[in-house]
Each structure stands twice: as structure tokens, then as C-alpha cells.
1. Per residue of segment 20-34, what does 6.51 cos²θ - 1.76 cosθ + 1.60 with θ = phi - 60° give for ³J(HN,Hα)? Whole Hz please, x for Gly and Pro, Karplus curve as stated.
2. Explain nothing, just the number: relative contact order of the chain, from Cα pairs under 8 Å at least 6 residues apart, as a whole percent.
3. Could you rank the peptides 34-42, 48-56 by their average count of other C-beta atoms within 10 Å per residue, with the highest value first?
4. With a ≥ b ≥ c taken as the square roots of the eigenvalues of the C-alpha gyration tensor of segment 26-65, please select rounded if a/c is under 1.5 and otherwise prolate if a/b is larger than b/c or oblate if it is not?
5. Can you give me the % of accessible surface on the chain that is carbon or sulfur? Probe 1.4 Å, all protein chains present, nothing else counted.
6. For TRP42 and ALA75, what does the FRET efficiency come to when R0 = 25 Å and r is the distance between their Cβ atoms, rounded to the nearest 0.05?
7. For the pair ALA21 and MET35, how long in nm is the line joining their label points, each one 7 Å along Cα→Cβ?
8. Per residue of segment 5-13, what does 6.51 cos²θ - 1.76 cosθ + 1.60 with θ = phi - 60° give for ³J(HN,Hα)? Whole Hz please, x for Gly and Pro, Karplus curve as stated.
Amino acid sequence: LRRVFRDTGSLLLAFVIGSVATIVSTIIAAAVLPMHGVDGAWKIAAALCSRHIGGAINYVAVSDVLQAPAATITAGIAA
């Protein structure tokens, strides 16, 4: 583990800061933006957050685990 921290250096720190900022901004956006009537809105917000942190495969995996509605998943892909 020490070698990982030594080899990645500031890149790991930048990734962690970016990931935390993405999570916080997703929570704020989900609280501020009107998503009334959107079936599974919090699920798609979590899936989009994971996509911005780890890529499209994370989006698909989180959507599957949370059992987000198919129509919402499709709309999230287009976003």
C-alpha cells in the first residue's frame, strides 16, 4: 500500500478530491433541481455520479444494482 501511495503521488490525491467534489455536487444538485415525477430520480443521480467518477461501465453497474427503471437509464445515457 505504501508503494501505491508513493507511485501515484499527487495523481491519487487529485482523483480523491475530484471524486469527493463529484459526490458533493451530485447531492447538492439532487436537492436543488426539481426532479418531481421522475421515477427513480435518486437512482439515476447516483448512477450518473458513478459514471463521472469511473466511466460508463460504472453507470451500467450502479443502474443494475439499484434496479433503476429502463426509461430512466436510457435518459441518463443521453445526458
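The values are calculated or read from the model by the stated rules, or taken from the named source; none is laboratory data. Everything numeric here is computed off the predicted structure, so don't read it as measured data. Ideal geometry is used to build each Cβ from the backbone, glycine not excepted, and the neighbour counts take in all protein chains shown. Only protein heavy atoms, including side chains, enter the accessible area calculation; ligands, DNA and RNA are left aside. Shrake-Rupley method; radii C 1.70, N 1.55, O 1.52, S 1.80 Å.
1. Ordered by residue, 3J(HN,Hα) equals 5, 5, 5, 5, 5, 5, 5, 5, 5, 4, 5, 7, 8, 6, x Hz.
2. Values: 44 pairs, mean separation 20.3, N = 79.
In percent, rounded to a whole number, it is 26.
3. So the peptides 34-42, 48-56, ranked by packing, come out 48-56, 34-42.
4. oblate
5. Values: 4020 of 5680 Å².
Whole-percent figure for carbon plus sulfur exposure: 71.
6. Result of the calculation: an efficiency of 0.95.
7. Computed distance between label sites ALA21 and MET35 equals 2.1 nm.
8. Per residue, the Karplus-derived 3J(HN,Hα) values read 5, 5, 6, 7, x, 6, 5, 5, 4 Hz.
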